[in-house]
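Worksheet: the structure to be examined is printed underneath.
The values are calculated or read from the model by the stated rules, or taken from the named source; none is laboratory data. Quick caveat: nothing in here was measured; it's all calculated off a predicted structure. We place every Cβ from the backbone using ideal geometry, glycine too, and count neighbours over all the protein chains shown. Heads up: the accessible areas ignore ligands, DNA and RNA and are worked out on the full protein's heavy atoms, side chains in. Shrake-Rupley method; radii C 1.70, N 1.55, O 1.52, S 1.80 Å.
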Amino acid sequence: MSISVWILEDQLLAEHQALRHALEMAAVAEVTVVLIESRKAQRRLPYHRKRLALIMAAGRHYAAELRAKGYQVDYRQADDVASGLAAHCADYAPTQLLTMAASHYGLRQWQTHKAAAHLALPVTVLPNTQFLTSQFDPYPNPVPDKRYLMEYFYRKMRKHFNLLIEPDGSPTGGAWNYDKLNRETLPKQHTCPPIPTFTADAITLQAIADVANIETAVGSATDFNLAVTRADAQAAFADFLAHRLDLFGPYEDAMTTNEDTLYHSVLSPYMNLGLLAPMEMVAAAIERYQAGHVRLNSVEGFVRQIVGWREFVWWQYWRQMPGMRTKNHWQVNRPVPEFFWSGETDMHCMQTVIKRVLRTGFNHHIERLMVLCNFCVLAGIDPAEVNDWFMSLYIDAYDWVMYPNVIGMGLNADGGITATKPYIASANYINKMSDFCGSCKFKPKQRHGETACPFNLMYWNFLIEHEAVLRANPRMGPNVLALRHLDAAERAIVTREAQQFLETL
Ligand SMILES: Cc1cc2nc3c(=O)[nH]c(=O)nc-3n(C[C@H](O)[C@H](O)[C@H](O)COP(=O)(O)OP(=O)(O)OC[C@H]3O[C@@H](n4cnc5c(N)ncnc54)[C@H](O)[C@@H]3O)c2cc1C
Ligand code: SF4
């Protein structure tokens, strides 16, 4: 018997279940692990070189670690996954292939329905173990188009996994959610603890050199300093627990010009590759709380991000695919503006966050949601184009997490199935939560006129244009009510100036 175990690029797990399964059936000498680097996948979009270098370096390190443990590993570069696997089978002649279900819808379809015929051998696809919902699904048979709230999904998860739950079943501290405590702005002159950086070894340096030659890629990886092994990712997590978790909650929504990551964990790139597992992370965070090192609103906020939001978007992806790809509830089609690829705009908030992602491959959640997506909703940018832009540039970007976050939460393009309301705001929100407006050419308090903030023009224009629809959404009521402050003449001015601005994009 000769078994091949195909490990996908984002399944770099400490314990991979296809490998474990193979070892129950055969001796180590009869098992070969195959990993494929697909040239087509690297060029599908204009990806950031840091994203490509991370995936490449992490995969190559994973292969090296398996070899060091005594496994035979076939690490291949191929035009695409299908031809790489076919070449592997031609060279190694396995009698069967074991793999774990992909996190990517299209790839999972191929694994399940086409791989066996293409490779002419039996293919076993084991269930994906990277998410907690594979152990417990709060809503196993969702009703199509019904809205399931993240908050209730999260509570069911917390109860099931017994996370921050008291012996009587109540949530620790008496509340499920401490969001109200988690909306502080960063004090002036405040310096946040830096995130740890990692020195590139020979494998990583080679990956950096390789991505420099990918002609379709954007950005630079020459200053690449991310974790690329499980040990490094664990060190990054330990650093977060020790230095940033305590203030994670209060400054979760804050934004600033000078700090790239504030008190965020910046662990999504490692979790999404499989280097860190969700349960080990929430358990360690809760332990820090129980030992008295961190406040409850921070640990609960962190647990909610992972056990709530992360699991919920995974669940929504599988519930809504493949239809999610083409959703366009607001029927908009403006192309992504040129400045999204350069950051060259007078809007200081947009300039800061776009230049940040072009430099680092990262923005934290509120920058993604309340600056970038807010802009895209208000400007009516085509959802599929926005999704591709995000997919291209972020170091933590994968299909399963991007569609629900961009099409669902960020743009409300799924008609409110993922999130109950469009996350839109005027300059008021950005001004309150950041220091961006102080050094901007535009005035955040001005509703119209030459120096009025474009977010204000677009926001009021959006409310005017969609007044009837938004009025029917209970969560948007207060926003629409504020329209009463605009008389007919002012509405006309706002509409005209918003159109003039939109024509410049
Ligand atoms: C438009 C948009 C695009 C996004 N694209 C991605 C993406 O490509 N990849 C990605 O992992 N996340 C994405 N997110 C979710 C979230 O912004 C990132 O997970 C988070 O910013 C990662 O930084 P962090 O690790 O410092 O997170 P923290 O703020 O420290 O949060 C802890 C962890 O919670 C999880 N998490 C929190 N919110 C979400 C969420 N909405 N969806 C999934 N996981 C969540 C992440 O694993 C994260 O590492 C997106 C959100 C928006 C609004
Ligand atoms: S004034 Fe408007 S464009 Fe300028 S930073 Fe503030 S919100 Fe952004």
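Just one of the numbered conditions (1) open to solvent by 10 Å² or more (accessible area, probe 1.4 Å); (2) touching a Leu at 6+ places or on another chain (Cβ under 8 Å) is not true of Gly361: (1).
Each residue in segment 381-410 was checked for being more than 12 Å from the chain's Cα centre (by Cα) and open to solvent by 10 Å² or more (accessible area, probe 1.4 Å), and 4 of them qualify. Of the helices (runs of 4 or more DSSP H) contained entirely in segment 4-100, those carrying at least 1 residues that are assigned by TED's automatic domain parsing to the domain that holds Leu119 and touching a strand residue (DSSP E or B) at 6+ places or on another chain (Cβ under 6 Å) fall at 17-25, 49-68, 81-92. Cβ-Cβ distances below 7 Å connect no pair with a first residue in segment 481-505 that is β-branched (Val, Ile, Thr), a second residue that is exposed (fewer than 12 other Cβ atoms within 10 Å of the Cβ) and assigned to a helix (DSSP H, G or I), and a separation of six or more residues or different chains. Within segment 230-260, being hydroxyl-bearing (Ser, Thr, Tyr) and either closer than 23 Å to Trp400 by Cβ or open to solvent by 40 Å² or more (accessible area, probe 1.4 Å) (or both) holds for one residue alone: Thr257.
Within the span defined as segment 140-147, every residue fails to be surrounded by 14 or more Cβ atoms within 10 Å (Cβ to Cβ), closer than 22 Å to Phe248 by Cα and in contact with a helix residue (DSSP H, G or I) (Cβ under 7 Å, 6 or more places away or on another chain). From the list Arg334, Arg295, Arg319, the one residue that fits, being in contact (Cβ under 8 Å) with a residue 12 or more places away in the chain and either more than 29 Å from Phe462 (Cβ to Cβ) or within 16 Å of ligand 2 (Cβ to nearest atom) (or both), is Arg295.
For segment 440-465, the set of residues classified as touching a residue at least 60 places away in the same chain (Cβ under 8 Å) and more than 8 Å from ligand 2 (Cβ to nearest atom) consists of Met458, Tyr459, Asn461, Phe462, listed by residue number. Is it the case that Gly416 is of a type outside the set (A, V, I, L, M), without any contact (Cβ under 8 Å) to a residue 40 or more places away in the chain and either away from ligand 2 (no atom under 15 Å from the Cβ) or in the same structural domain as Ala492 (by TED's automatic domain parsing) (or both)? No: the conditions fail for Gly416. The single residue among Gly380, Gly408 that is more than 16 Å from ligand 2 (Cβ to nearest atom), in contact with a Ser or Thr (Cβ under 7 Å, 6 or more places away or on another chain), in contact (Cβ under 8 Å) with a residue 40 or more places away in the chain and farther than 30 Å from Ser170 by Cα turns out to be Gly408.
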